[in-house]
Amino acid sequence: MRRRLFRVARGAGAVLALGLAYTLWGTATGLWLPCPFHALTGLECPGCGVTRMCLSLLRLDWAGAWAANPGLLLFGPVILALGCVRAVRYVRTGGRASRGEQRCAWVLAAALVGYGVLRNLM
């Protein structure tokens with residue numbers, strides 16, 4: 001169990017460290033990674049605006065976060081909760097995701113794809 005807890009903590013720490021490094025680098029240089037989907041198609045993917053949304057959230061600017069990516073702002077807490085439930089299950093039992101968790105993940109994926117389509121039609 002300790003090994004699994006260490007793996008989860010190491011993974012979460014790596015994600016946070018990369019996010020912090022990217023934020024510091026982008027803020028200092030003004031160079032942010034462009035969205036490859038947008039660069040190729042001119043359309044916005046479901047994740048377009050995530051950087052601006054996260055930076056707005058760091059400043060507690062909810063209106064700016066909503067303007068940057070309302071879909072992920074709404075789905076974000078659900079995605080985070082699902083990830084936490086999955087991490088706890090993995091640490092406790094080493095088990096795989098339950099059917100309900102898998103269904104929830106598929107529903108979220110479909111909702112994000114639908115959001116990506118709708119944001120380009122509006």
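Against the chain, whose longest principal axis comes from its Cα atoms, helix 2-29 is set at around 10 degrees.
Distance between the pseudo-spin-label points of Arg99 and Ala81 (7 Å out from Cα toward the beta carbon): 2.2 nm.
Take the Cβ atoms of Val88 and Leu57, set R0 to 22 Å, and the FRET efficiency comes out at 0.35. Per residue, the average separation of C-alpha pairs within less than 8 Å and at least 6 apart gives the chain a relative contact order of 28 percent. Which residues in the range 65-86 place their backbone N less than 12 Å from a point set 7 Å from the Cα of Ala110 along the Cα-to-Cβ direction? Of the residues in the range 65-86, none has backbone N under 12 Å from the label point off Ala110. Estimated from helical segments only, the mean residue ellipticity of the chain at 222 nm is -26500 deg cm²/dmol, where each DSSP H run of four or more residues counts as -39500 (n - 2.57). For the chain, the longest principal axis of the C-alpha atoms and the axis of helix 70-93 are separated by about 20°. Placing dummy labels 7 Å off each Cα toward the beta-carbon, the span from Leu118 to Ala14 is 3.4 nm. When you filter the trypsin sites (Lys or Arg not before Pro) in the range 1-94 for DSSP loop state and at most 15 other Cβ atoms inside 10 Å of their Cβ, you are left with Arg59. Calculated accessible area for the range 26-96 comes out at 67 Å² per residue, all protein chains present (probe 1.4 Å; ligands, DNA, RNA ignored). Each residue of the range 96-113 was assigned a 3J(HN,Hα) from its phi angle through the Karplus expression (A = 6.51, B = -1.76, C = 1.60, θ = phi - 60°), giving 7, 5, 6, 4, x, 5, 5, 5, 4, 5, 5, 5, 4, 4, 5, 5, 5, 5 Hz with x at Gly and Pro.
The values are calculated or read from the model by the stated rules, or taken from the named source; none is laboratory data. Everything numeric here is computed off the predicted structure, so don't read it as measured data. Methodologically, a virtual Cβ is constructed for each residue, glycine included, from the backbone with ideal geometry; neighbour enumeration extends over all protein chains shown. When the accessible area is computed, the model is the full protein with side chains, heavy atoms only, and any ligands, DNA or RNA have been set aside. Shrake-Rupley method; radii C 1.70, N 1.55, O 1.52, S 1.80 Å.
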